[in-house]
Amino acid sequence: MDQPKRGGLLLRTEAGLRFLPASLVTSVAQLPPILRVAGAPEGVLGIVHENGEIMPVVAIGPERTVLMVCSYLGEPIGLVGAEIVCAGLFDPDPTAPEALMYQGEIARPLDLSAIYTRLQTSTWASGWTS
Amino acid sequence: MAQTPSKSRFLRLLRRTATNAQKHQGRGVAEENGIWLAHEKALSTTKAAGEAAQRIASTAAKQRSIFDATAEQARATTLRTPELERTALRVRDAFDRLALIALNAGLEGARLGESAGRSLSLVSDEVRTLSERGAEAVRELVQGISDVARESGAVATRIDEARAQSGEIGQDAALASSNTLDTERVLHDIGERLRKATGSDPETLRSIASATEHARQLVVALGALSGKVPRALLVSTLRPVLEPLLRAVSDEETEADE
């Protein structure tokens, strides 16, 4: 039986083609000015104000053009650093149910939970409190 | 005061005058005439060269003003390019925003699912493709504008070089014109000295040459009439016309004999 198509965003990162499900991506926007935060964990570029919300911006690569606004467990997270390939509905990879196929290439899911966990467990401004 | 010559002396004098005039033509007068002709030729050529040099200087001045206007236009084109680039970048920014709108529409279509979001996804894909093409065209346009700016700057520089060369041509032409004026003055001076040295001038020499030619033709005509027309008739016909000349020749000979 054919598996249903899955909607979301395909990204080109340094690690290859990645997929963000539509349920996690709120919107895509031009990168607004990033306010740097002293003592932020590694990979966090700072915070931005986008569409009425303030959110941390996490770098997943060197690109600095587009901000992908995600929502994980009700909290907004901004991602930058990937080239957006396209948005839409994609066929799942028959060999790996969590992955997708796009023009013969496998797109693995971007691990947003790991990014969120890192943000939650990292100590902000640890150098100041010691 | 010279006496009126007899009939036989009249004809003798007439022949001798015409023969002498013919001989005279072949010697000093011809040489003097040649010198004066060469002088006149040199004078007219120098004058023509001077006028040509003035025309060249005038044309070079006009050319410089055209070069100035053209270089100014080329510089104006170069100065307009930043404005054009800014406009093109605004268009590219609009295309980039349009692409983002298309991406968000695609996401919305994906959220709606395969059947409900299909048409939205299709429109999104099409709009994104078109906006990417537009952005690419604008990138080429910006590159083209930049190339045009660089080339028009180079054109302005080359026009400036051509203007400088035209300036040199104008200066050289002015110098040549001044030199031809000097040459004309020298030729006039030579003419005066020649006039003093020979006691003649081109107009007189031309008159002498003309008179000599007429005298030669008279000798030829007399030779043709010889024996055909009665002598008395010939003399009585020619005497009123030629008597002043014969009197002058007779006076000259009398002075020479004395």
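Every read-out reported here was derived from the displayed coordinates using simple, explicitly stated rules and does not represent laboratory data. From a predicted model like this one, the values you see are computed outputs, not experimental measurements. Note: ideal-geometry Cβ built from the backbone for every residue, glycine included; neighbour counts use all protein chains shown.
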_Relative contact order of chain A, defined on C-alpha pairs under 8 angstrom at six or more residues apart (%)_ = 29
_Cα-based Kirkwood hydrodynamic radius, the stretch B:89-248, one decimal, Å_ = 26.9
_For a distance above 25 Å, tell me the whole-number percent of Cα pairs in chain A that qualify._
28
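State the volume of the convex hull built on the alpha-carbon positions of the stretch B:70-109, expressed per residue in Å³ and rounded to an integer.
Working: hull volume 1.4 nm³, N = 40.
Taking the convex hull of the Cα positions in the stretch B:70-109, it is 35 Å³ per residue.
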*Between A:30, A:120, A:103, find the one with the highest GNM mean-square fluctuation for chain A; connect C-alpha pairs within less than 10 Å.*
A:103
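Restricting to DSSP loop positions (anything but H, G, I, E, B) with no more than 13 other Cβ atoms inside 10 Å of their own Cβ, which trypsin sites (Lys or Arg not before Pro) remain in the stretch B:152-258? The partial results should precede the final answer.
Working: sites: B:158, B:163, B:185, B:193, B:195, B:196, B:206, B:216, B:228, B:231, B:247; in loops: B:228.
Loop-located and lightly packed - B:228.
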*Under a 5 Å amide H to amide H cut-off, with H placed in plane at 1.01 Å, what residues pair with residue A:85 once short-range neighbours are removed?*
A:10, A:11, A:12
*Out of residues 5 or more away from residue A:40 or on other chains, whose amide H comes under 5 Å of its own, with H placed 1.01 Å from N in the peptide plane?*
A:125
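Over all directions, what mean area does the Cα convex hull of the stretch B:177-258 project, stated in square nanometres? All intermediate terms of the calculation are to be shown ahead of the outcome.
Numbers: hull surface 35.7 nm².
That works out to 8.9 nm², a quarter of the Cα hull's surface.
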_Cα centroid separation, the stretch B:171-187 to the stretch B:212-245 (Å)_ = 53
*List nothing, just return the count: lysine pairs in the protein assembly as shown, 8 or more apart or interchain, with Cα separation under 27 Å.*
8
*State, to one decimal in nm, how far the label point of residue B:37 lies from the label point of residue A:118, with both points 7 Å from Cα in the Cβ direction.*
10.8
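Give the average, rounded to an integer, of partner chain Cβ atoms located within 10 angstrom of each Cβ in B:99-105. Intermediate results must be reported in sequence, preceding the final value.
Numbers: counts 3, 8, 1, 3, 11, 7, 2.
Average neighbour count from other chains, rounded to a whole number: 5.
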*Hey, can you list the DSSP H helices of chain B whose Cα span along the axis is 18 Å or longer and whose average Kyte-Doolittle score is at least -1.0?*
B:28-112, B:118-198, B:202-225, B:231-257
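With a cap of 10 neighbouring Cβ atoms within 10 Å, and only residues DSSP puts in a loop, list the GluC sites (Glu not before Pro) found in the stretch A:41-130. Show your work: numbers first, answer last.
Numbers: sites: A:42, A:50, A:53, A:63, A:83, A:98, A:105; in loops: A:42, A:63.
Here the sparse-neighbourhood loop sites are A:42.
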*Looking at B:95, B:116, B:210, which one has the Cα that reaches farthest to the positive end of the dipole of chain B (charges on Cβ: Lys, Arg +1; Asp, Glu -1)?*
B:210
*Taking only the alpha carbons of the protein assembly as shown, what extent do you get along each of the three principal axes, in Å, biggest first?*
154, 58, 32
*If you look at just the Cα atoms of the stretch B:20-141, how large are its Rg and its Dmax in Å?*
40.5, 131
